Each structure stands twice: as C-alpha cells, then as structure tokens.
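Colleague: Input: one structure, supplied below.
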Amino acid sequence: NSGEYAILEYGHPFCGVGEEYREDYETTGKEAGKLYLNGELVTNLVIPDGVTEIGELAFLNCSSIETITIPSSVTHIGDNAFYGCINLESITFGGTQNEWNKCCGEYLFSYPCTIKCKDGNILITVE
C-alpha cells in the first residue's frame, strides 16, 4: 500500500494475440486486439496518477487505442509496451522530453506516433 501501482506486465488479456488468450475471447465475446475496461471499448486511455511502471508488452496489439495520457509518475515503460497499436496517434506525457527518453524501453512502437511532453513534442518514426 505504498501508493505505487504498475500496469500488468505481459499485456492485457484483450490485447494480446497469443494462444493463451483464446479462451478469454471465446467466453467474453470481446474482440482480440481491442482493449475493454468494465465492458467498455477503450480508445482514449488515461493511466492514473501514481502509476510508476507500464510493463513489457502491456498494450501489445491494442488496435482500439488512439490516444494515451501518461502521468509524470511513470518512470519506466517496458519493451514493446505499445508495439502493434496501429491506431495510436499520440501520447500525452506529464513529464519532459528528457524524462520520457529515460523511462522508455526498446521497440515501444511499430507505427509512427507523437509524444506530447511539457517542453515540446517528440515525433516517433518507424522504418
């Protein structure tokens, strides 16, 4: 109960495409690759203040997400956290560009995205 939280590592069950999630898809009726919270499709994801880490592969292949707001309390984002998010256009980060660069893992994105920081934007380009 330290007030610190983490987004579940290795993906949300409705985003991952691995075989281990097939049963969840069949029993819930939710589409693979889309993020649902409390039965609602998430397009604009807001990470709560106080979260300190977004785990590796956390939102892998979540095609429903268009924007994400991440507070400055996040100090680590795991590898491939947003990989395969084909509709993700922008992330608003509560910290600076330098803080963003320090907290990021490798291969976060597989599509272009704009990171909006307090002191300016970072354009992510993918080859």
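Colleague: Restrict the check to the stretch 74-81 and report whether at least one residue is closer than 19 Å to Tyr36 by Cα and within 9 Å of the chain's Cα centre (by Cα).
Modeller: yes
Colleague: Under 6 Å by Cβ, and 6 or more places apart or on different chains, what pairs join a residue from the stretch 44-59 that is of a type in the set (S, T, N, Q) with one that is assigned to a loop (DSSP other than H, G, I, E, B)?
Modeller: Close Cβ pairs satisfying both conditions: Thr52/Glu4; Thr52/Ser73; Thr52/Thr75.
Colleague: Sticking with this one: Only one residue in Ile65, Ile115 is of a type in the set (A, V, I, L, M), part of a loop (DSSP other than H, G, I, E, B) and either at pLDDT 90 or above or loosely packed, with under 13 Cβ neighbours inside 10 Å (or both). Which one? Explain how you work it out, then say what you get.
Modeller: Working: Ile115 fails: part of a loop (DSSP other than H, G, I, E, B).
One residue alone meets the criteria, Ile65.
Colleague: While we're looking at this one, here's another question. For Ala81, indicate whether it is closer than 20 Å to Thr125 by Cβ and either modelled with pLDDT of 90 or more or open to solvent by 40 Å² or more (accessible area, probe 1.4 Å) (or both). Walk me through it before giving the result.
Modeller: Working: closer than 20 Å to Thr125 by Cβ: yes; either modelled with pLDDT of 90 or more or open to solvent by 40 Å² or more (accessible area, probe 1.4 Å) (or both): yes.
The answer is yes for Ala81.
Colleague: Here's another thing I want to ask about it. If only one of Gly78, Gly55, Gly120, Gly105 is touching a helix residue (DSSP H, G or I) at 6+ places or on another chain (Cβ under 9 Å) and either over 18 Å from Asn44 (Cβ atoms) or of a type in the set (A, V, I, L, M) (or both), which one is it?
Modeller: Gly120
The values are calculated or read from the model by the stated rules, or taken from the named source; none is laboratory data. Just so we're clear, the structure is a prediction, and the values are computed from it rather than from any experiment. Methodologically, a virtual Cβ is constructed for each residue, glycine included, from the backbone with ideal geometry; neighbour enumeration extends over all protein chains shown. All accessible areas refer to the heavy atoms of the entire protein, side chains included, with ligands and DNA or RNA removed. Shrake-Rupley method; radii C 1.70, N 1.55, O 1.52, S 1.80 Å.
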